[in-house]
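Notes follow once the structure below has been shown.
Every read-out reported here was derived from the displayed coordinates using simple, explicitly stated rules and does not represent laboratory data. Only a predicted model underlies this, so the values are computations on that prediction, with no experimental measurement involved. Neighbour counts run over all protein chains shown; Cβ positions are idealised from the backbone, glycine included.
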Amino acid sequence: MRLRLGCELSYDFSVPTPMIVMLNVHFSQFGNFERPDYLTTTPAVPITSYRDSFGNWCNRVVAPAGPFRLRTDGIIHYDGFSDPVGLDAIQHPVEDLPSDTLVFLLGSRYCETDLLMQEAWRLFGHTNPGWGRVQAICDFVHNHITFGYNHSRATRTAFEAFNEGVGVCRDFTHLAVTLCRCMNIPTRYCTGYISDVGLPPPYATMDFAAWMEVYLGGRWWTFDPRNNDVRFGRILVAYGRDAADVPLTHTFGSNLLSDFKVWIDEIPA
């Protein structure tokens, strides 16, 4: 299938302000683009790019004073399959894990493994290691947190989401990531697009989404504790330890976000 995807973020700045922008689809998908989702700005400003320590594509700009718009818009080919499922995927002993997965066992800004370790083992210590354990964690988080945009708070951590029982997709993901890490399963936080392909209408307003990838059976697998089902047309933008590693924009100064649009739509054959 062919998917058109992109976003548009409009800001107002009182003074020229540096920004780091992480809005482009992950480099692992670049070969699937029919039309790349290049970043453009209005007014036009110089853009320099780099890869962060996780390989995510980042852009640096200095936004001028006044109205400023960031935009991406691309067409990508998607294989049409849903998120892969591996019910027999095993959990590796920590001593057998590849070294580059170990960072995803550690606590991080929004994922306080030290505060949830005892509770994680109480809740999931009896489950079978592997796919079933991760699914049990996703089932718990999906049922434990009540979703609502009115519950959004940028500073909420996994421990706070556990105690408050409310949040948005990043809170579902932070809590599930933390519980998996407590159970010695390498888990990374992901952000990107999830399409409505295969879902019945009416469709909610499109937004960027958060999910997680866990390392089982020698590879990374997608789990989505917010939706808690497989989806078609899931396109990765970036991954890291938690949301602090993958903000859509990081602004080094005060600003007003005046408009925000996201789209990912199937293009009819």
**Request:** Return the single residue from V94, V214, V166 with maximal mean-square fluctuation; model: Gaussian network over the chain, springs between Cα atoms under 10 Å.
**Result:** V94
**Request:** Provide the per-residue ³J(HN,Hα) series for segment 175-190, in order, calculated from phi with Karplus coefficients 6.51, -1.76, 1.60 and θ = phi - 60°, each as a whole number of Hz, with x at glycine and proline positions.
**Result:** 5, 5, 4, 5, 5, 5, 4, 4, 8, 6, 10, x, 9, 10, 8, 10
**Message:** Under a crude label model (7 Å from the Cα following the beta-carbon direction), how far is F260 from F81 in nanometres?
**Reply:** 3.3 nm
**Message:** What percentages make up the Cα-Cα pair-distance distribution of the chain when the bins are 5 Å wide from 0?
**Reply:** 1, 6, 12, 16, 18, 16, 14, 9, 5, 2, 1, 0
**Prompt:** Toward the positive end of the charge dipole of the chain, about the Cα centre and with charges on Cβ (Lys, Arg +1; Asp, Glu -1), which of H250, V177, A161 goes farthest?
**Reply:** H250
**Between segment 202-252 and segment 108-167, the Cα center-to-center distance that results, in Å** = 15 Å
**Asked** If you place +1 on the Cβ of every Lys and Arg and -1 on the Cβ of every Asp and Glu, how big does the dipole about the Cα centre of the chain come out, in debye to the nearest 20?
**Response** 400 debye
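Mind checking segment 226-267 for chymotrypsin sites (Phe, Trp or Tyr not before Pro) that DSSP puts in a loop (not H, G, I, E or B) and that have at most 13 other Cβ atoms within 10 Å?
Of the chymotrypsin sites (Phe, Trp or Tyr not before Pro), the ones in loops of segment 226-267 whose Cβ has at most 13 other Cβ atoms within 10 Å are F252.
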**Derived scalar couplings ³J(HN,Hα) [segment 97-107; Karplus, 6.51 cos²θ - 1.76 cosθ + 1.60; whole Hz; x for Gly, Pro]** = 6, x, 4, 6, 8, 5, 4, 8, 9, 8, x
**Local net charge near M1, Cβ-Cβ under 12 Å (Lys/Arg +1, Asp/Glu -1)** = -2
**Message:** Antiparallel versus total DSSP beta bridges in the chain: what percent is that, nearest 5?
**Reply:** 95 percent
**Item:** Amide hydrogen neighbours beyond the local backbone of V237, cut-off 5 Å, H modeled
**Value:** H26, T191, G192, Y193
**Prompt:** Using 7 Å Cα-to-Cβ label points, what is the S10/V62 separation (nm, one decimal)?
**Reply:** 2.6 nm
**Complete:** In units of 2.2 N^0.38 Å, the Cα radius of gyration of segment 45-151 is 1.56
**Request:** Using only the Cα atoms of segment 159-269, build the gyration tensor, take square roots of its eigenvalues as a ≥ b ≥ c, and label the shape rounded, prolate or oblate: rounded if a/c is under 1.5, else prolate if a/b is larger than b/c, else oblate.
**Result:** oblate
**Request:** State to the nearest 20 debye the size of the charge dipole of segment 94-245 about its Cα centre, where the only charges are +1 on K and R beta carbons and -1 on D and E beta carbons.
**Result:** 140 debye
**Fill in**
Computed, not fitted: 222 nm per-residue ellipticity of the chain from DSSP H runs ≥ 4 (each -39500 (n - 2.57)), nearest 500, equal to -5500 deg cm²/dmol
**Request:** Work out from phi, with θ = phi - 60° and the Karplus expression 6.51 cos²θ - 1.76 cosθ + 1.60, the ³J(HN,Hα) of each residue of segment 220-228, listed in order in whole Hz, and give x for Gly and Pro.
**Result:** 8, 10, 8, 10, 10, x, 5, 8, 6
